[in-house]
Amino acid sequence: MKIKLEKGIACLDIDIHDDKVFDIIIGKDVPGTSHDQIKHIISEGIKTHAPKGIIHKKIAVIIPDDTRLWARGDIFVPQIIKTLLGLGVSTDNIKIIIALGTHDDIDKDLFPQLAGFFCSQKVEILNSANKNQDRLVHIGETHKKTQLYITKEAVEADHIIIFGGILHHMAAGFGGGRKYILPGIAGYDSIQQNHSLAMRKDGSAHPMVRQAKLRGNPINEDLNDAADLFLKNKTCTYIAIAANGTGDIFHADVGPLHKTFINGCKKLDQACCIHVPQKGDFALISAGGHRTDGQLYQSTKALFNSVNIIKEGGDILFVAGCSQGVGNETFSSVLSTYKDEPEKLGRKLTETFTMPAYVAFRVMDILKRFDVTLISDLSKRETESLGFKYTDSIENYIECLKGKGYIIPYAENILPILDT
């Protein structure tokens with residue numbers, strides 16, 4: 001059979017014998033929703049859930065950064081702003097805040113990609129504060145002792161509108177919802193405190209910190225607590241979207257934060273959790289193309305989703321464009337420095353935790369248990385220095401594969417689950 005795996009704006013063409021493939025996993029047959037229909041859902045939802053006296057309230061609209069381009073903020077954020085203006089809200093009362101978490105500031109020239117040209121011309125758009133102490137406000141402490149610092153402009157708002165996608169997440173269980181507050185608009189130190197809950201004192205990863213797990217996941221519990229603390233004296237509307245197994249948005253919903261988030265998680269599981277009867281000897285996976293694979297750091301989500309259905313010691317062909325490079329210097333340096341000593345890194349993380357180092361820790365575990373070959377824009381030297389294998393001949397790679405395996409063209413969107 002002939003298959004295509006997206007890599008950046010291009011595709012990798014692969015020819016593999018049918019009898020070597022258990023299945024091509026693309027999720028349930030859930031049709032995408034048109035942009036016009038999503039716009040309608042957004043407008044009606046904002047109107048329905050608008051707080052009394054909205055024209056007098058300061059409004060913060062929280063949106064994803066450039067690692068979530070699939071959410072199409074360039075199309076849907078303008079609809080949010082136009083709806084607010086239609087309700088009589090002044091542009092002076094609206095601020096758009098990009099939820100960076102610990103990611104680098106977005107250049108103003110790129111704001112139209114995240115919020116559309118209309119918004120970039122009409123409304124003030126800000127990066128969240130991250131390490132900028134002058135723009136952080138301490139609002140309290142969670143039950144797990146996370147000191148919660150939040151971006152000042154969000155704290156000053158009366159009404160919060162969160163726009164963003166829901167997807168499976170290797171630490172929080174699911175991305176989206178409450179995660180746009182912490183880590184989204186939180187301070188760097190608060191984020192590291194929360195994420196450090198992923199490690200146990202013995203230097204091992206907490207077993208409940210994983211995809212699709214909310215109850216019993218200490219990171220998720222802390223995120224919920226932080227969201228409630230932030231929203232204590234505010235009103236909030238969440239505009240949730242989710243993508244199906246081929247990356248098309250199929251779900252859009254508007255309502256209260258926690259209820260809308262949980263409903264979206266259920267919809268995502270129904271569309272993208274795919275049960276398979278047995279593990280494969282290999283998997284050919286793609287992070288899904290240019291809207292999701294700009295950085296290796298972000299693309300690793302595809303790896304975390306896929307490994308559960310591959311036999312220990314099996315082969316993984318990991319396709320990710322990485323046009324922006326590795327994407328995080330800490331992630332890169334930790335992978336290179338500790339690639340043969342993951343246990344040493346685990347002990348270090350219990351003393352000094354950073355999320356990029358933790359992601360590297362989890363990636364190292366995969367590289368230790370599987371043979372992962374990365375096809376990207378990275379050089380052979382850089383690929384191998386990070387612990388991945390390299391090939392310059394996809395034909396030879398496919399020919400040398402043993403046994404039978406799976407193909408996952410949009411692995412960031414799919415969570416395969418082994419039937420037990």
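A few remarks follow.
- Taking the conditions (1) surrounded by fewer than 24 Cβ atoms within 10 Å (Cβ to Cβ); (2) touching a strand residue (DSSP E or B) at 6+ places or on another chain (Cβ under 7 Å); (3) under 15 Å from Pro416 (Cβ atoms) in turn, Ile285 satisfies each one other than (1).
- Restricted to the stretch 341-365, and to residues there that are assigned to a helix (DSSP H, G or I) and among the hydroxyl-bearing types (Ser, Thr, Tyr), the residue that is surrounded by the most Cβ atoms within 10 Å (Cβ to Cβ) is Tyr358.
- Remark: pairs (first residue in the stretch 308-336, within 22 Å of Gly346 (Cα to Cα); second residue among the hydrophobic types (A, V, I, L, M, F, W, C) and part of a loop (DSSP other than H, G, I, E, B); Cβ separation under 6 Å; 6+ apart in sequence or on different chains) = Ser332/Val326; Leu335/Leu386.
- Any strands (runs of 3 or more DSSP E) falling wholly within the stretch 143-193 and containing at least 2 residues that are within 20 Å of Lys131 (Cβ to Cβ) and either among the polar types (S, T, N, Q) or open to solvent by 10 Å² or more (accessible area, probe 1.4 Å) (or both): 147-151
- Residue check, Asp253 among the charged types (D, E, K, R), open to solvent by 10 Å² or more (accessible area, probe 1.4 Å) and modelled with pLDDT of 95 or more: yes
- Qualifying positions in the stretch 129-142 - assigned to a loop (DSSP other than H, G, I, E, B) and free of Cβ contacts under 8 Å to residues at least 60 places away in the same chain: Ala129, Lys131, Asn132
- Being over 25 Å from Arg135 (Cα atoms), charged (D, E, K, R) and touching a Phe, Trp or Tyr at 6+ places or on another chain (Cβ under 9 Å) is a property that does not hold for Lys47.
- Residues in the stretch 287-340 that are touching an Asp or Glu at 6+ places or on another chain (Cβ under 6 Å) and in a loop (DSSP other than H, G, I, E, B): Ala287, Gly288, Gly289, Thr292, Ala320, Gly321, Cys322, Ser323.
- Sole exception among (1) open to solvent by 20 Å² or more (accessible area, probe 1.4 Å); (2) under 20 Å from the mean Cα position of the chain (by Cα); (3) among the acidic types (Asp, Glu) for Asp202, by number: (2)
- Close contacts from the stretch 208-226, counting a first residue that is within 13 Å of Ile191 (Cα to Cα) and a second that is in a loop (DSSP other than H, G, I, E, B) and not hydrophobic (A, V, I, L, M, F, W, C), with Cβ to Cβ under 8 Å and a gap of 6+ residues or different chains, come to Asn220/Lys213; Asp222/Thr142; Asp222/His143; Asp222/Lys144; Asp222/Thr146; Ala226/Thr142; Ala226/Thr146.
- Among residues of the stretch 289-300 that are of a type in the set (Asp, Glu), those with a Cβ under 6 angstrom from a residue that is not in a loop (DSSP other than H, G, I, E, B), sequence gap 6+ or separate chain, pair up as Asp293/Ser299.
- Listed by position, the strands (runs of 3 or more DSSP E) contained in the stretch 19-113 that have at least 3 residues being hydroxyl-bearing (Ser, Thr, Tyr) and open to solvent by 70 Å² or more (accessible area, probe 1.4 Å) form an empty set.
- For Ala212, the conditions (1) buried (at least 24 other Cβ atoms within 10 Å of the Cβ); (2) in contact with a His (Cβ under 7 Å, 6 or more places away or on another chain); (3) assigned to a loop (DSSP other than H, G, I, E, B); (4) of a type in the set (Gly, Ala, Ser) are fulfilled apart from (1).
- The set of residues in the stretch 261-275 being surrounded by fewer than 15 Cβ atoms within 10 Å (Cβ to Cβ) and either assigned to a strand (DSSP E or B) or touching a Phe, Trp or Tyr at 6+ places or on another chain (Cβ under 6 Å) (or both) consists of His275 alone.
The values are calculated or read from the model by the stated rules, or taken from the named source; none is laboratory data. Computed from a prediction, not measured in an experiment: that's the story for all the values here. Positions of Cβ are backbone-derived with ideal geometry, glycine not excepted, and every protein chain shown enters the neighbour counts. Accessible surface areas use protein heavy atoms only, side chains included; no ligands, DNA or RNA. Shrake-Rupley method; radii C 1.70, N 1.55, O 1.52, S 1.80 Å.
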